[in-house]
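I have placed the structure first, in the form of structure tokens, so that the comments after it can refer back to it.
The values are calculated or read from the model by the stated rules, or taken from the named source; none is laboratory data. Quick caveat, the model's predicted, so the values are computed rather than measured. We place every Cβ from the backbone using ideal geometry, glycine too, and count neighbours over all the protein chains shown. Side chains included, ligands, DNA and RNA excluded: accessible areas come from the protein's heavy atoms. Shrake-Rupley method; radii C 1.70, N 1.55, O 1.52, S 1.80 Å.
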Amino acid sequence: MAAAQGQFSNTSGGIEGMGGGEGGPAPYAFRMAVDALRAARPRAEIELDPTRPPQRLAPYAYALEAAAVEDGEDLADGRLVLLHDPAGHEAWQGTFRLVTLVRAELEPEMAADPLFPEVCWSWLTGALDARGLAYGAEGGTVTRAGSYYFGGLAERRPATQIEIRASWTPREGRGGVPDAAAHLAAWGDLLCQVAGLPPAGAGGVDGGPGIVSLPQRRGPHHP
């Protein structure tokens, strides 16, 4: 079980998941939120590591990448980015924003269900709601992409990838600090849901209460 460790950086050249700041110290609320992400311990199936955050999306950013792994096989992978603009952002309706990409490969017949994109989106909101998290201004896309093989590749099975791109604004608590660790846990629930893994435990810290997974499917990199 990999922890979200890494060096804290106050400058835009940030290494190990951190970016922004234009050379000055990071705001208290952002530092506390990042510390919570670094201290988080995901469920055993999730391998979690800091990564370089995107640039120019916000004055401050911290990013994590993760994979849901079982028996050495990646079943799903994703990225979670925490953005912070101390001046606030009209579209966010707050000073923090969480942005994610989650993807996995599915059996083609599973992805053929016309309601499947709506189901995938409900996994995100359901994961947040199941942990009692307050959030707003949520939005995103669910994309299905199919690959079919011909000629010399005709023996390969068709592959369908599902991709969830989303963002939402976490409610800020005391001192303007959101409960970043709880949002990370909900995101982990989503990642495991997409991977087809069962909940770790009803109501537990590492589990996704009330979340039902679909049958296990192939990982994101194996046609």
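With the structure loaded, tell me whether Leu75 is at pLDDT 95 or above, surrounded by 15 or more Cβ atoms within 10 Å (Cβ to Cβ) and under 17 Å from Leu190 (Cβ atoms) or whether it fails that test. Outline the logic, then answer.
On the way: at pLDDT 95 or above: no; surrounded by 15 or more Cβ atoms within 10 Å (Cβ to Cβ): yes; under 17 Å from Leu190 (Cβ atoms): yes.
Here the answer is no, as Leu75 does not meet what is asked.
What residue, among those in region 166-189 that are of a type in the set (Gly, Ala, Ser) and outside any helix (DSSP H, G or I), is surrounded by the fewest Cβ atoms within 10 Å (Cβ to Cβ)?
Taking region 166-189 first, the residues of a type in the set (Gly, Ala, Ser) are 166-167, 173, 175-176, 180-182, 185-186, 188.
With the extra rule that they be outside any helix (DSSP H, G or I), the set shrinks to 166-167, 173.
Values: Ala166: 20, Ser167: 16, Gly173: 12.
Only one residue fits best here, namely Gly173.
Taking the conditions exactly as written (in contact with a strand residue (DSSP E or B) (Cβ under 9 Å, 6 or more places away or on another chain), in a loop (DSSP other than H, G, I, E, B) and not acidic (Asp, Glu)), does Ala137 satisfy them or not? It would help to see each step written out before you state the result.
Details: in contact with a strand residue (DSSP E or B) (Cβ under 9 Å, 6 or more places away or on another chain): yes; in a loop (DSSP other than H, G, I, E, B): no; not acidic (Asp, Glu): yes.
So Ala137 does not fit the description; no.
Which one is nearest to Val194 (Cα to Cα), of the residues in region 101-123 that are in a helix (DSSP H, G or I) and open to solvent by 60 Å² or more (accessible area, probe 1.4 Å)?
If we filter region 101-123 for residues that are in a helix (DSSP H, G or I), which is where we start, we get 108-111, 116-123.
Adding the requirement that they be open to solvent by 60 Å² or more (accessible area, probe 1.4 Å) leaves 109, 118, 121.
Working: Glu109: 15, Glu118: 13, Trp121: 11 Å.
The selected residue is Trp121.
Looking at region 152-165, is at least one residue in contact with a Lys or Arg (Cβ under 8 Å, 6 or more places away or on another chain), modelled with pLDDT of 90 or more, open to solvent by 10 Å² or more (accessible area, probe 1.4 Å) and under 18 Å from Glu65 (Cβ atoms)?
So far as region 152-165 goes, yes, one or more of its residues are in contact with a Lys or Arg (Cβ under 8 Å, 6 or more places away or on another chain), modelled with pLDDT of 90 or more, open to solvent by 10 Å² or more (accessible area, probe 1.4 Å) and under 18 Å from Glu65 (Cβ atoms).
What's the number of the only condition in (1) open to solvent by 50 Å² or more (accessible area, probe 1.4 Å); (2) in a strand (DSSP E or B); (3) at pLDDT 90 or above that Arg144 fails to meet?
It fails just one condition, (3).
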